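Following: one structure in structure tokens, then a few remarks.
The values are calculated or read from the model by the stated rules, or taken from the named source; none is laboratory data. Note that the structure is predicted; figures quoted are calculated from it, not measured. Glycine also receives a Cβ, built like all others from the backbone with ideal geometry; neighbour counts cover every protein chain displayed. Protein only, heavy atoms only, side chains kept; ligands, DNA and RNA dropped before computing areas. Shrake-Rupley method; radii C 1.70, N 1.55, O 1.52, S 1.80 Å.
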Amino acid sequence: MILFRLSREHPTLPALEIRALYETYGKGFEAQQYENLLLVRECLEPKILQRLSLTREFFRIYKVADKENLDRVLRDLPYKNIRSFCVCASGFESDRAMEKELGAMLKGAWELPVDLTKPSFTVSVINLGERIAVSTEKYTIDKKGLEDRHPNNRPYFHPAALDPKLARLFLNLARAKERDTIVDPFCGSGSILIEASLMEMDAIGLDRDLEMIWGCQRNLDFYTTKAKAIEGDARRIEESVERVDAIVTDPPYARSSRVYGKGLRELYSDFLKSSNKVLKPGGYVVFSIPSNIDIGRPIRDARLKLIGDYEIYVHKSLTRRVYILRRPN
Ligand SMILES: C[S@@+](CC[C@H](N)C(=O)[O-])C[C@H]1O[C@@H](n2cnc3c(N)ncnc32)[C@H](O)[C@@H]1O
């Protein structure tokens, strides 16, 4: 069992991202949500779970205990070869009081010292409401890399660049995994390609703007990725690449990046039709566009199946709508 502490950035996307990751790796997904905590029965490797962009931390759960038998469950924890321990509580009326009470109880039972600064064993107790989850394996999602790759920190900056956190989210929602071929047909300065490549995918970017391709390649090389940016048109992806496993992109919104096409709706429509030509059956297309543009008809015309669409508020004059589409088998 794994317990995820979701970020509160969006009401549904954090849990959806986790579900997509389980699906990508062919795992079952039996889950129960308690506010921003998601308890999933099946396990996935911590290395894979580190890919999550909208989760703060996760715990491998030893047991979910009733309040009455919590002391016994804790005393029975396999605690061999440890020198000291500490208890870390969350979600209780007073976490500190809970830590003090349980720490004192275990100190007596185990005859080991409590060490709050460098314990060799940490016991986490997380309140789920009716029951309490107990864990001795806590993993914090490493967000430092995402900060290092923020558009402001790259050698080539473009104001329309996608936040790396969203780039990761889109790739996860597209069920993309290691060695998959991913194409970003509106690659711009490369946010999606950088993340895809660091997640060990084969990433190819297309753009019509030669300066963007040059800047994008500079960014890709800076993070020592193997991804390539080439000149190409998102309305005719089939002219640049053959079969791909997923298409993940952030098309222009006609604000701070150029539009090569007759208009936004037509550009999106042609991009979707072209996506169908290169995407493997069952493959996903994930992208976001301004929420006020209706692309229901273009999606149907492109013979892609709408799996879901979700709004992300950006600021007063922009709300993105994230689309998850799938090419039927
Ligand atoms: C919003 S930007 C992409 C932002 C990108 N996600 C990033 O992180 O920089 C859109 C890009 O699409 C490119 N573009 C516009 N029309 C295009 C077309 N028909 N084919 C390929 N690229 C196009 C623009 O030159 C621009 O670089």
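In segment 315-327, which residue that is surrounded by 14 or more Cβ atoms within 10 Å (Cβ to Cβ) and not aromatic (F, W, Y) is farthest from the chain's Cα centre (by Cα)?
Taking segment 315-327 as the starting set, the residues that turn out to be surrounded by 14 or more Cβ atoms within 10 Å (Cβ to Cβ) are 319-327.
Going one step further and asking which of them are not aromatic (F, W, Y), we end up with 319-322, 324-327.
Numbers: T319: 19, R320: 17, R321: 16, V322: 13, I324: 14, L325: 17, R326: 18, R327: 21 Å.
Of everything passing the filter in segment 315-327, R327 is farthest from the chain's Cα centre (by Cα).
Being free of Cβ contacts under 8 Å to residues at least 40 places away in the same chain, among the β-branched types (V, I, T) and open to solvent by less than 80 Å² (accessible area, probe 1.4 Å) is true for just one of I61, I48. Which residue is that? Can you show your working first?
Numbers: I61 fails: free of Cβ contacts under 8 Å to residues at least 40 places away in the same chain.
Of the residues listed, the single one that is free of Cβ contacts under 8 Å to residues at least 40 places away in the same chain, among the β-branched types (V, I, T) and open to solvent by less than 80 Å² (accessible area, probe 1.4 Å) is I48.
In segment 258-268, what residues are more than 21 Å from I192 (Cα to Cα), within 12 Å of the ligand (Cβ to nearest atom) and touching a helix residue (DSSP H, G or I) at 6+ places or on another chain (Cβ under 8 Å)?
Hit for segment 258-268 is G261, nothing else.
Does D309 satisfy the condition of being more than 17 Å from G188 (Cα to Cα) and within 23 Å of the chain's Cα centre (by Cα)? Walk me through it before giving the result.
Working: more than 17 Å from G188 (Cα to Cα): yes; within 23 Å of the chain's Cα centre (by Cα): yes.
When the stated conditions are applied, D309 passes them.
R149: near the ligand (Cβ under 9 Å from one of its atoms), of a type in the set (K, R) and open to solvent by 10 Å² or more (accessible area, probe 1.4 Å), yes or no? Please lay out each step first, then the result.
On the way: near the ligand (Cβ under 9 Å from one of its atoms): no; of a type in the set (K, R): yes; open to solvent by 10 Å² or more (accessible area, probe 1.4 Å): yes.
So R149 does not fit the description; no.
Tally up the residues in segment 68-113 that are in a helix (DSSP H, G or I), in contact (Cβ under 8 Å) with a residue 24 or more places away in the chain and under 20 Å from E130 (Cβ atoms), please. Give the derivation first.
Filtering segment 68-113 down to residues in a helix (DSSP H, G or I) leaves 68-75, 95-110.
Pick out the ones that are also in contact (Cβ under 8 Å) with a residue 24 or more places away in the chain and you get 70-71, 73-75, 98, 102, 105-106, 109-110.
Next cut, under 20 Å from E130 (Cβ atoms) only: 70-71, 73-74, 98, 102.
Adding up the residues that qualify gives 6.
Condition first: touching a Phe, Trp or Tyr at 6+ places or on another chain (Cβ under 7 Å) and closer than 18 Å to F170 by Cα. Now tell me which residues in segment 289-305 satisfy that.
If the condition is that a residue be touching a Phe, Trp or Tyr at 6+ places or on another chain (Cβ under 7 Å) and closer than 18 Å to F170 by Cα, then I289, P290 are the ones that fit.
Pairs please, first residue from segment 146-161 and free of Cβ contacts under 8 Å to residues at least 60 places away in the same chain, second anywhere and among the polar types (S, T, N, Q) and assigned to a helix (DSSP H, G or I), Cβ atoms under 7 Å, 6+ apart in sequence or on different chains.
That search, which allows pairs on different chains as well, returns A161/S191.
Taking segment 169-197, which residues are touching a Ser or Thr at 6+ places or on another chain (Cβ under 8 Å), among the charged types (D, E, K, R) and open to solvent by less than 10 Å² (accessible area, probe 1.4 Å)?
Within segment 169-197, D184 is the sole residue that qualifies.
Look through D245, D301 and report the one residue that is closer than 22 Å to P164 by Cβ and not β-branched (V, I, T). Please lay out each step first, then the result.
Numbers: D301 fails: closer than 22 Å to P164 by Cβ.
Just a single option satisfies the conditions, and that option is D245.
Does segment 203-218 contain any residue that is closer than 24 Å to R297 by Cβ, surrounded by 21 or more Cβ atoms within 10 Å (Cβ to Cβ) and out of contact with any Lys or Arg (no Cβ under 8 Å at 6 or more places or on another chain)?
We begin by selecting, within segment 203-218, every residue closer than 24 Å to R297 by Cβ; these are none.
Within segment 203-218 (the criterion being closer than 24 Å to R297 by Cβ, surrounded by 21 or more Cβ atoms within 10 Å (Cβ to Cβ) and out of contact with any Lys or Arg (no Cβ under 8 Å at 6 or more places or on another chain)), the answer is no, since none of the residues qualifies.
When you scan segment 236-261, how many residues do you find that are more than 23 Å from the chain's Cα centre (by Cα), over 23 Å from G282 (Cβ atoms) and open to solvent by less than 20 Å² (accessible area, probe 1.4 Å)?
0
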